[in-house]
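Enquirer: I have a structure I would like to understand better, so I am pasting it below and will then ask my questions one at a time.
Nothing in this text is a laboratory measurement; each read-out follows from the coordinates by a stated rule. Being a predicted model, the structure only gives us computed values, none of them experimental. Cβ coordinates were reconstructed from backbone atoms using ideal geometry, including for glycine residues, and neighbour counts include every protein chain displayed.
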Amino acid sequence: MKKELGEILDAALAAAEPGRTVRQFLSMEDGRVEVGDEIFESRRVFVLAVGKAAGPMTQAAGEILGEALGGGLCVIKAGHQEPPEPFETVAASHPEPDERSVQAAERVEEFLDRLEDGDLLLVLVSGGASALLADAAPGITLEDLKQLTGALLRSGAEIGEINAVRKHVSTLKGGNLVRRAAPARVVALLLSDVVGDEPSSIGSGLTAPDPTKLEDARRVLERYEIEAPRSVTEHLEKGRETPKPGDAAFEKLMNFIVGGGRLTATAAAEKARELGYEPLLLSTYITGEAQGAANLHAAVVKEILESGNPLAPPCAVVSGGEATVVVRGEGTGGPNQEFALALAVELEGVEGWAALAVDTDGNDGPTDAAGGLVTGETAAAIRENGIDPSEALDENDAYRALEAGDALVSTGSTGTNVNDLRVVLVSGKTSYR
């Protein structure tokens, strides 16, 4: 089953290859730009790409536009694929911003200021855009922004809540990019890394009206007891609101979702069927703490092995979404590693199953691993190598525990980013004991 999980992962990642998603939506016909079923005629065409998948998305767009391209800027995570000339490339930091992220935001603002009436701006957004652009509001320093970002990521807040705060301490997010690009027409191709594929959440809503308010951002900080820097709290008390639905800035805007977590989950389910496992796509909306999600999946596995419900083995349970971790310990890991470790603990000694949990960008949390691949034997293997898996969970030390059990999954940068993918194969060769 481990080998089969590897094949399923390869198929899932191929389905969300960024260049492929762009080519399915973008084309040129008689000198006109076509996006989906829409046709755009413009004096000049520019491309702005931001996110972990920016490199391959930009390359595909450049190949399609050819001589129609008037210029382009690509903001990537440092170390990720760069597009070829004539695109200008700026590398920045993720998941927490750094000085390069500040420079990236400044360069984007300069790029947008060049646009004129009659221009078409294609914005290619993928996961990671929020951190790559450190577009802090006036008065908020990079150190303040880093402190805020780190606290939000450790708090267990869901991505929509995190983005509500980010939008309100920014100059580009929350639809402000579109406002800055005026009077040009803006067409955005969004490779979604958020549950529900809502444009106002993807990349902290760079190209969408913001339905959240300053008060919502303040409530997030209160709910998760986050001690934000004084500059942040002062800005949220008297800051400028983001542009809302109906704002004139969005009259020349169109957003297209070119891919998301359902792409990978569906491809994983199809590959599992090809390998002889009846698939159940449980949900692509699973959020919340990783350990809670693992307990849910463990319960489903037990039910399948004991009763054949909701489907009989051999079968595959597939899910997507975005799990979170409330950091209470001093260890290292990420949501998918924590999910995998919690599942291994919950189903220790149970035969007939194997599970994969990965972040599709290849980096789970602040680690070099994509996630974990575990079986009923993993917890014992971890223990044999001197680590108590339950204690590792308590310390948020999933990386070290899975490494001890030879259960880490390392893919390197995948070039895409459409959130979490979880696949549990149940062979049915033995029943739950």
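Enquirer: Please give the net charge around Glu109, taking every other residue with its beta carbon less than 10 angstrom from that of Glu109, where Lys and Arg add +1 and Asp and Glu add -1.
Expert: Once positives and negatives cancel, what remains is -2.
Enquirer: Report, in debye and to the nearest 20, how large the dipole of the stretch 89-222 comes out about its Cα centre when Lys and Arg carry +1 and Asp and Glu carry -1 on their Cβ. Walk me through the numbers on the way to the answer.
Expert: Details: 14 positive and 22 negative charges, 18 e Å.
With only Lys, Arg, Asp and Glu charged at Cβ, the dipole is about 80 debye.
Enquirer: Please report the net charge: other residues with Cβ closer than 12 Å to the Cβ of Leu402, K and R +1, D and E -1. Before the final figure, lay out the partial values.
Expert: On the way: positive: Arg400; negative: Glu338, Asp364, Asp397, Glu403, Asp406.
Overall, the nearby charge balance is -4.
Enquirer: Using a basic spin-label model with each label point 7 Å from the Cα along Cα→Cβ, how many nm lie between Phe256 and Glu306?
Expert: Roughly 4.9 nm, to one decimal.
Enquirer: Take the Cα of Arg100, step 7 Å along the line toward its Cβ, and report every residue of the stretch 346-365 whose backbone nitrogen sits under 16 Å from that point.
Expert: Output list for this probe position: 363.
Enquirer: Using Cα pairs closer than 8 Å and at least 6 residues apart in sequence, work out the relative contact order for the stretch 175-253, in percent.
Expert: For the stretch 175-253, the relative contact order is 42 percent.
Enquirer: Calculated from DSSP H runs of 4 or more alone, at -39500 (n - 2.57) each and per residue, what is the 222 nm mean residue ellipticity of the chain, nearest 500?
Expert: Dividing the helical sum by the residues of the chain leaves -11500 deg cm²/dmol.
Enquirer: Run through all the Cα pairs of the stretch 17-259 and give the fraction in each 5 Å bin from 0, expressed as whole percent.
Expert: Each 5 Å bin holds this share of Cα pairs: 1, 7, 15, 19, 21, 16, 10, 6, 3, 1, 0, 0.
Enquirer: Which of the pairs Lys167/Lys252; Lys2/Lys173; Lys3/Lys173; Lys146/Lys238 have their Cα atoms more than 30 Å apart in this structure? Working shown, then result.
Expert: Numbers: Lys167/Lys252 21 Å; Lys2/Lys173 41 Å; Lys3/Lys173 42 Å; Lys146/Lys238 21 Å.
Result: Lys2/Lys173; Lys3/Lys173 exceed 30 Å.
Enquirer: Can you tell me the 0 to 90 degree angle between the C-alpha axis of helix 99-113 and the longest principal axis of the chain, rounded to 10?
Expert: On a 0 to 90 degree scale, this one is about 40.
Enquirer: Pick from Leu214, Leu275, Leu13: which residue has the top mean-square fluctuation in a GNM of the chain where Cα pairs under 10 Å get a spring?
Expert: Of Leu214, Leu275, Leu13, the most mobile in the Gaussian network model is Leu275.
Enquirer: Can you tell me the FRET efficiency between Asp247 and Arg32 if r is taken as the Cβ-Cβ distance and R0 is 35 Å, rounded to the nearest 0.05?
Expert: 0.80
Enquirer: Sticking with this one: Please express the shape of the stretch 262-426 as an equivalent ellipsoid: the semi-axes are the square roots of 5 times the eigenvalues of the C-alpha gyration tensor, given largest first in whole angstrom.
Expert: With the √(5λ) rule applied to the stretch 262-426, the semi-axes are 23, 19, 13 Å.
Enquirer: Can you give me the long-range amide H partners of Thr89? Hydrogens built in the peptide plane at 1.01 Å from N, cutoff under 5 Å, separation of 5 or more residues or another chain.
Expert: Those qualifying (amide H under 5 Å, at least 5 residues apart or on another chain) are Cys74.
Enquirer: From the residues Gly276, His80, Pro209, which one has its Cα farthest along the dipole of the chain in the positive direction, the dipole being from +1 and -1 charges on Cβ of Lys/Arg and Asp/Glu about the Cα centre?
Expert: Result: Pro209, furthest along the dipole toward the positive end.
Enquirer: Let me ask another. Putting +1 on Lys and Arg Cβ atoms and -1 on Asp and Glu Cβ atoms, find which of Ala15, Leu191, Leu115 reaches farthest to the positive end of the dipole of the chain.
Expert: Leu115
Enquirer: Please give the charge dipole size of the stretch 268-381, origin at the Cα centre, charges +1 on K and R Cβ atoms and -1 on D and E Cβ atoms. Round to the nearest 20 debye.
Expert: Values: 4 positive and 17 negative charges, 40 e Å.
Using only the charged Cβ atoms, the result is roughly 200 debye.
Enquirer: Can you give me the relative contact order of the chain as a percent, contacts being Cα pairs under 8 Å and 6 or more apart?
Expert: After rounding, I find 16 percent.
Enquirer: If you don't mind, another one. Tally the DSSP beta bridges in the chain and give the antiparallel ones as a percent, rounded to 5.
Expert: 45 percent
Enquirer: In the stretch 287-375, which GluC sites (Glu not before Pro) fall in coil by DSSP and have 10 or fewer other Cβ atoms within 10 Å?
Expert: For GluC sites (Glu not before Pro) across the stretch 287-375 that sit outside H, G, I, E and B with at most 10 neighbouring Cβ atoms in 10 Å, the list reads Glu330.
Enquirer: While we're looking at this one, here's another question. How large is the dipole of the chain about the Cα centre if only Lys and Arg carry +1 and Asp and Glu carry -1, each at its Cβ, rounded to the nearest 20 debye?
Expert: Dipole size: approximately 560 debye.
Enquirer: Let me ask you something else. How far apart, in nm, are the 7 Å Cα→Cβ label points at Leu296 and Asn385?
Expert: Taking the two extended label points, one gets 2.9 nm.
Enquirer: Just add up the charged neighbours of Ala11: K/R +1, D/E -1, any other residue whose Cβ is under 14 Å from the Cβ of Ala11.
Expert: Taking every Cβ under 14 Å from that of Ala11, the sum is -2.
Enquirer: Mind giving me the nanometre distance, one decimal, between the label points for Arg219 and Glu109, set 7 Å out from Cα along Cα→Cβ?
Expert: Label at Arg219, label at Glu109, 3.0 nm between them.
Enquirer: Sequence-distant or interchain residues sharing an amide H contact under 5 Å with Tyr285, placed H: which?
Expert: The answer is Gly320.
Enquirer: Right, here's the next one. If I build a Gaussian network model for the chain, linking alpha-carbon pairs within less than 10 angstrom, which residue out of Gln24, Gln337, Gln291 has the largest mean-square fluctuation?
Expert: Taking springs between Cα atoms under 10 Å, the residue moving most is Gln24.
Enquirer: In the stretch 228-259, which trypsin sites (Lys or Arg not before Pro) are in a loop and have at most 12 other Cβ atoms within 10 Å, using DSSP for the loop call? Could the numbers behind the result be given before it?
Expert: Details: sites: Arg230, Lys238, Arg240, Lys252; in loops: Arg240, Lys252.
Answer in residue order: Arg240.
Enquirer: Helix 54-65 against the longest principal axis of the chain: what's the angle in degrees, Cα atoms only, rounded to the nearest 10?
Expert: So the helix axis and the longest Cα principal axis differ by about 50 degrees.
Enquirer: Now, a different point. Between the alpha-carbon centers of the stretch 387-419 and the stretch 1-71, tell me the distance in whole angstrom.
Expert: 31 Å
Enquirer: So, one more: On C-alpha positions alone, give me the angle between the axis of helix 261-274 and the longest principal axis of the chain, in degrees, nearest 10.
Expert: Roughly 40 degrees, rounded to the nearest 10.
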